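Peer 1: Can you read through this structure? Questions will come right after.
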2 protein chains.
Amino acid sequence: MAVTTLDISMSLDSFIAGPNQTVEEPLGEGGLQLHEWIFGLASWRERHGQSGGVTNADSEVLQESVEATGAVVMGRRMFSGGEGPWENDPVAGGWWGEEPPFGVPVFVLTHHARQPVELQGETAFTFVSEGVEAALEQARAAAGDRNVAVAGGANVVQQFLAARLLDEIQIHLVPVLLGGGVRLFGPGDEQPALELTRVIDSPTVTHLRYRVAN
Amino acid sequence: MAVTTLDISMSLDSFIAGPNQTVEEPLGEGGLQLHEWIFGLASWRERHGQSGGVTNADSEVLQESVEATGAVVMGRRMFSGGEGPWENDPVAGGWWGEEPPFGVPVFVLTHHARQPVELQGETAFTFVSEGVEAALEQARAAAGDRNVAVAGGANVVQQFLAARLLDEIQIHLVPVLLGGGVRLFGPGDEQPALELTRVIDSPTVTHLRYRVAN
């Protein structure tokens, strides 16, 4: 059954980006370390037009996520990378470039209405300014019998958690301490209960899957 | 080889205690959830004079830690449980009672010098007011060829990390979001690098072991 899932890399001290994010360093200081487990994978390199790389437990987890995902929801800042609404938008596709790696429809939560953008590789960006439930409804329709993946940032994740719209969370827990930056989870005593459903580990990352009790 | 290790339960949002800690609720609101994986274990129940309980992967991890530990270092607040230095100290042993569960020498970091206290079950509390390095030196001597375990709280852990005195970290990652409370790791860009060395999981907790590169 299709679910709404969060699939995200996080440091052991619960950050999804380091401190001092800039356009040049959108993941903040040290933030790229959270994604290093992906860059060496054959499956990731193939999707980004590169050859080589390894195939291991991590690549199976990544491939599984890619195949299960029919649509993506993300925040405006994750789409464009900058402070202003579209400041890093040289080719209409935000800082993801002409051929973004998603390969499925992407729904961008924003306060700024905008016409959809279709790019190469089957990625189409649709801009939703009516809130998370509207974005999820559109994403579900686009995903068909596949999952909707919430990609971030933290603000969007926290809105989905608070609205009790996430069915599943998969954390790729990276053995690094960032010491500051953007925390994935927000404050408040209204957190949903979690049930640990699967653990897959490799030397570089621990993939933890939880069912969310909403 | 004997190492200095941190062995601690943490929520997925990186808290080791919930918000609003009190003498009645020393782990804060919701904080007991972090230790529920222990309370049902046969090995834990036996050490606390109770019968029954289960034996599973979690009990092996706990038993392994207990057997490897030759001395414990903790903060003053973890010893006495209250704001004032010894306010919950009816029987000289702080709120741990007449027969604390450690069974090895415990070194309490404090600004308040105090004579050692020997209790039943081979637990002796020694009070060290000369800082973490002095506490570690005394704990190492007491531990012999076994490990020194840093038990908390967060402030003590952060002092050990900052002084580059921890060799190993074992996090018992509990599938719960506390939404507030006491964070295990502190801020700052001088965090040590970690290497993931072992993962053991059960339905209720994920045991993650890291080597610290100091």
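All of the numbers you see were taken from the coordinates with simple rules; none came from a lab. Just so we're clear, the structure is a prediction, and the values are computed from it rather than from any experiment. Backbone-built Cβ (ideal geometry, glycine too); neighbour counts: all protein chains shown.
Peer 1: Report, by chain and number, residues whose modeled amide H sits under 5 Å from the one on residue A:150, excluding near sequence neighbours (fewer than 5 apart, same chain).
Peer 2: A:5, A:6, A:7, A:73
Peer 1: Here is a further query. Full-extension gain between residue B:118 and residue B:51, please, as 0.36 nm times their residue separation minus the C-alpha to C-alpha distance. It would help to have the intermediate numbers written out before the result.
Peer 2: Values: separation 67, 0.36 × 67 = 24.12 nm, distance 2.65 nm.
Residue separation times 0.36 nm, minus the Cα-Cα distance, leaves 21.5 nm.
Peer 1: Could you work out, residue by residue across A:150-162, how many beta carbons of other chains sit within 10 Å of that residue's beta carbon, and then give the average as an integer? Don't jump to the answer; show the numbers that get you there.
Peer 2: On the way: counts 0, 0, 0, 0, 0, 0, 0, 0, 0, 0, 0, 2, 0.
Across A:150-162, the average partner-chain Cβ count within 10 Å equals 0.
Peer 1: Take the rotation relating chain A to chain B, measure from its axis to every Cβ in chain A, and name the nearest residue with the distance in whole Å.
Peer 2: Of all Cβ atoms in A, the one closest to the rotation axis yields A:14, 2.
Peer 1: Quick one: if the Förster radius is 45 Å, what FRET efficiency do residue B:162 and residue A:67 give, using the C-beta to C-beta distance and rounding to 0.05?
Peer 2: Numbers: r = 44 Å, r/R0 = 0.97.
So the FRET efficiency works out to roughly 0.55.
Peer 1: Other chains' Cβ within 10 Å of B:198-204 residues: what's the mean? Don't skip to the answer; put the middle values down first.
Peer 2: Working: counts 1, 9, 2, 7, 2, 4, 2.
What the average comes to for B:198-204 is 4.
Peer 1: Give the span of chain A's Cα atoms along each principal axis, as three whole-Å numbers ordered largest to smallest.
Peer 2: Extents along the principal axes, in whole Å: 44, 43, 37.
Peer 1: Ok, one more. Would you please report the Å³ per residue occupied by the convex hull of the alpha carbon atoms in the stretch A:142-189? Let's see the in-between values first.
Peer 2: Values: hull volume 5.4 nm³, N = 48.
Residue-normalised Cα hull volume stands at 113 Å³.
Peer 1: Where in the stretch B:117-133 does the amide nitrogen come within less than 16 Å of the point 7 Å from the Cα of residue B:146, taken along Cα to Cβ?
Peer 2: Flagged as within label range: B:119-126.
Peer 1: Two decimals is fine: what is log10 I(q)/I(0) at q = 0.15, 0.21, 0.23 Å⁻¹ for the stretch A:87-184, from a Debye sum with one equal scatterer on every Cα and no solvent?
Peer 2: -0.71, -1.24, -1.35
Peer 1: When the C-alpha atoms of the protein assembly as shown are aligned to their principal axes, what extent does each axis show, in angstrom, from largest down?
Peer 2: Computed over the Cα atoms, the extents are 73, 38, 38 Å.
Peer 1: So how far apart, in nm, are the two label points at residue B:39 and residue B:213 if each is 7 Å from Cα heading toward Cβ?
Peer 2: 4.0 nm
Peer 1: Another one. Report relative contact order for the stretch A:4-213 in percent, whole number only (criteria: Cα-Cα under 8 Å, sequence separation at least 6).
Peer 2: Numbers: 440 pairs, mean separation 59.1, N = 210.
Reported as a whole number, the value is 28 percent.
Peer 1: Just the number, please: percent antiparallel of the DSSP beta bridges in the stretch A:4-213, rounded to the nearest 5. The partial results should precede the final answer.
Peer 2: On the way: 18 of 42 bridges.
Restricted to the stretch A:4-213, the bridges split so that about 45 percent are antiparallel.
Peer 1: Oh, and also: Take A:24, B:98 and order them by how many other Cβ atoms sit within 10 Å, fewest up front.
Peer 2: Details: A:24 6, B:98 12.
Exposure proxy ranking, most exposed first: A:24, B:98.
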